[in-house]
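The values are calculated or read from the model by the stated rules, or taken from the named source; none is laboratory data. This is a predicted model, so every value here is computed, not measured. Cβ atoms come from the backbone with ideal geometry, glycine included; neighbour counts cover every protein chain shown.
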Amino acid sequence: MGSLRLPEIPGVLTAALALSLGSAPALAAAIPGPDLLTGDWGGILTGPGGLQLNVLLQLRVGPDGVVGRLASPQQGAFDIPVAGSPPQGGETLLDVPSLHAEFRGRLTADDKLEGIWTQGAARLPLNLTRLSPGAVAASLDRPQTPHPPFSYRIVQVKFGGEAGEPRLAGTLTLPEGQGPFPAVVLIPGSGPQTRDETVAGHPIFWVLADALSRNGFAVLRYDKRGVGQSGGTYAEATLHDFAQDARTAADWLGSQPGVDRRRLGLIGHSEGGLAAPLAAAKDPAIAFMVLLAAPGVDGRRLLAAQGRLIEAANGGPPAMLKAQDALREKALRAIAASANPAEARAQIATLVAAFARAQSLPLASAQQLQAAYDAADTPWMRSFLTYDPAPTLRRLRLPVLALIGSKDLQVPAALNLPALRAALKDDPEATVEESPGLNHLFQTATTGAPAEYGQISETFSPLALKRVLDWLRSVAPRTSAAKTEL
């Protein structure tokens, strides 16, 4: 990896502000000993658009200073050398020469390392939490990642590009044989996702595509516009642009030899679960749909809820959490309501300054907070905050399976399942279910917090995967019946 591409967390509807607005613990009263840096650390790098990138660090303090290794699992980048000097005055500076980057952080009383990641012109907040010994090594174990030989055909494809739309690139997996096969398009979640929708080193869509094609489905997964090998400009895209790309993908897949156009469906994860109904509402050829961790409420309500849950999971005084809730609500309202980004940022700067004074935040913490909100003010964020999925869902009359994990902190089940049930109540073939014990990625989880994703070796719960496959086989039977193969 030549540079740390900021940011890249696929497959999920990002916790946008939530992770960057965690509690502000007091600084250590005494200067910590330099040996306290030794160990495994993990955190979230928040970049443009409020998107996030998992960062893992293994550090050791020796006689010549700090040495270590950095990993960016989403990008398949590991063993990136890190060097620095022992903490001075509680502060440490880590240099990452191969990325032309550095991290300046300060140890806190509650054993965290809080600071700023600088890379080129970017100065981004990065708060690291100490992990249990061996957690970094364990987090890189991904036993469900598919490996050859494969029992299906793999074809790299490009499609679209008409009427000013971008030309998209993806991977088509086809079962062996003549077909025609039922087919699905995988629609990725928020962030600049490539076709595998890799989160914390977990190639979620590759695992899904592998299971589906081994069980008789043709599967198309693709890089989002402006990402990977796809054309277009990601930074200018909105939710409705991504829905259009999903329609383009479905139209192309339905026209391929060996694909049964009458049995063509969509599977959307997180933001993809918003784009899928938008695409299906305009394409009567879509025969069925699976919504994985799809929001049932508008973006402003969703971000407010996920912010509260994630901050609570990260810990912090109740008074601080309450104040952060109020700040987030006002800031998101400013972003959603303003057609002028400069105007919204000016309003948010005033809000952040008042919050910092009331909470006695250090200047650096206030600057981090302001930077996170500034980065969140994008065309996508404005389209997301104001979009209510209910009217589109009410129009659907096709088989729908909607699943949300009981430990999902990004699309909380308690908020979104009732909304989905209400919106889909007139669709006689809609099923809405809670998946016990699973997080936003459909991993078997302990807390459900995003910081836990990379520490779990499971990419996608086999029980959830079987539920999806069994349901798909019931609405789009294979040409030759067989039990589900996992």
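Report, by residue number, each residue of segment 155-174 that is surrounded by 14 or more Cβ atoms within 10 Å (Cβ to Cβ) and assigned to a strand (DSSP E or B).
157, 158, 159, 160, 167, 168, 169, 170, 171, 172, 173, 174
For (1) modelled with pLDDT under 60; (2) in a loop (DSSP other than H, G, I, E, B); (3) farther than 21 Å from residue 365 by Cβ; (4) among the hydroxyl-bearing types (Ser, Thr, Tyr), each residue gets a yes or a no:
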| position | (1), (2), (3), (4) |
| --- | --- |
| 25 | yes, yes, no, no |
| 32 | yes, yes, no, no |
| 36 | no, no, no, no |
| 55 | no, no, no, no |
| 71 | no, no, yes, no |
| 92 | no, no, no, yes |
| 102 | no, no, no, no |
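Tell me yes or no: at least one residue of segment 339-353 is assigned by TED's automatic domain parsing to the domain that holds residue 451, acidic (Asp, Glu) and out of contact with any Asp or Glu (no Cβ under 8 Å at 6 or more places or on another chain).
Among the residues of segment 339-353, not one is assigned by TED's automatic domain parsing to the domain that holds residue 451, acidic (Asp, Glu) and out of contact with any Asp or Glu (no Cβ under 8 Å at 6 or more places or on another chain), which makes the answer no.
Tally time: how many residues in segment 166-179 are of a type outside the set (A, V, I, L, M, F, W, C) and at pLDDT 95 or above?
Number satisfying all stated conditions: 6.
Looking at (1) at pLDDT 85 or above; (2) out of contact with any Lys or Arg (no Cβ under 8 Å at 6 or more places or on another chain); (3) under 24 Å from residue 141 (Cβ atoms), which one does residue 81 not meet, given that it meets all the others?
Only one criterion is unmet by residue 81, namely (2).
Taking segment 411-431, which residues are outside any loop (DSSP other than H, G, I, E, B) and under 16 Å from residue 270 (Cβ atoms)?
413, 415, 416, 417, 419, 420
Here's a check for you: in segment 234-253, which residue that is of a type outside the set (D, E, K, R) and without any contact (Cβ under 8 Å) to a residue 60 or more places away in the chain is surrounded by the fewest Cβ atoms within 10 Å (Cβ to Cβ)?
Only one residue tops the list, namely 234.
Read through the list (1) surrounded by fewer than 23 Cβ atoms within 10 Å (Cβ to Cβ); (2) closer than 17 Å to residue 272 by Cβ; (3) among the polar types (S, T, N, Q), then give the number of the only condition that residue 410 fails.
(1)
Being under 20 Å from residue 239 (Cα atoms) and among the polar types (S, T, N, Q) is the filter here, so list the residues in segment 386-414 that pass it.
386, 392, 410
Of the conditions (1) over 28 Å from residue 410 (Cβ atoms); (2) among the hydrophobic types (A, V, I, L, M, F, W, C); (3) assigned to a loop (DSSP other than H, G, I, E, B), residue 183 satisfies every one except a single condition; which number is it?
(3)
Only one of (1) within 30 Å of residue 177 (Cβ to Cβ); (2) buried (at least 16 other Cβ atoms within 10 Å of the Cβ); (3) not β-branched (Val, Ile, Thr) fails for residue 151. Which number is that?
Tallying (1) within 30 Å of residue 177 (Cβ to Cβ); (2) buried (at least 16 other Cβ atoms within 10 Å of the Cβ); (3) not β-branched (Val, Ile, Thr), residue 151 fails exactly one: (2).
Those residues that are in contact (Cβ under 8 Å) with a residue 60 or more places away in the chain, hydroxyl-bearing (Ser, Thr, Tyr) and not in a helix (DSSP H, G or I), I need them from segment 313-372; list them, please.
Once the filter is applied, which keeps residues that are in contact (Cβ under 8 Å) with a residue 60 or more places away in the chain, hydroxyl-bearing (Ser, Thr, Tyr) and not in a helix (DSSP H, G or I), segment 313-372 yields nothing.
Which numbered condition trips up residue 144, out of (1) farther than 29 Å from residue 475 by Cβ; (2) at pLDDT 90 or above; (3) of a type outside the set (Phe, Trp, Tyr)?
So the condition that residue 144 fails would be (1).
If you go through segment 382-410 one residue at a time, how many are of a type in the set (Val, Ile, Thr), modelled with pLDDT of 95 or more, touching a helix residue (DSSP H, G or I) at 6+ places or on another chain (Cβ under 7 Å) and not in a helix (DSSP H, G or I)?
Matching residues across segment 382-410 total 1.
Go through segment 186-203 and give me each residue that's part of a loop (DSSP other than H, G, I, E, B) and over 22 Å from residue 399 (Cα atoms).
Within segment 186-203, 190, 191, 192, 193, 194, 195, 196, 197, 200, 201 meet the criteria.
When only residues in segment 455-464 that are in a helix (DSSP H, G or I) and under 19 Å from the mean Cα position of the chain (by Cα) count, which is farthest from residue 436 (Cα to Cα)?
455
For the subset of segment 413-451 comprising residues that are buried (at least 24 other Cβ atoms within 10 Å of the Cβ) and within 19 Å of residue 391 (Cβ to Cβ), which member is nearest to the chain's Cα centre (by Cα)?
In this case the residue turns out to be 416.
Collect the residues in segment 265-291 that are surrounded by fewer than 23 Cβ atoms within 10 Å (Cβ to Cβ) and in contact with a strand residue (DSSP E or B) (Cβ under 8 Å, 6 or more places away or on another chain), keeping them in residue-number order.
Of everything in segment 265-291, those that are surrounded by fewer than 23 Cβ atoms within 10 Å (Cβ to Cβ) and in contact with a strand residue (DSSP E or B) (Cβ under 8 Å, 6 or more places away or on another chain) turn out to be 285, 286, 287, 288.
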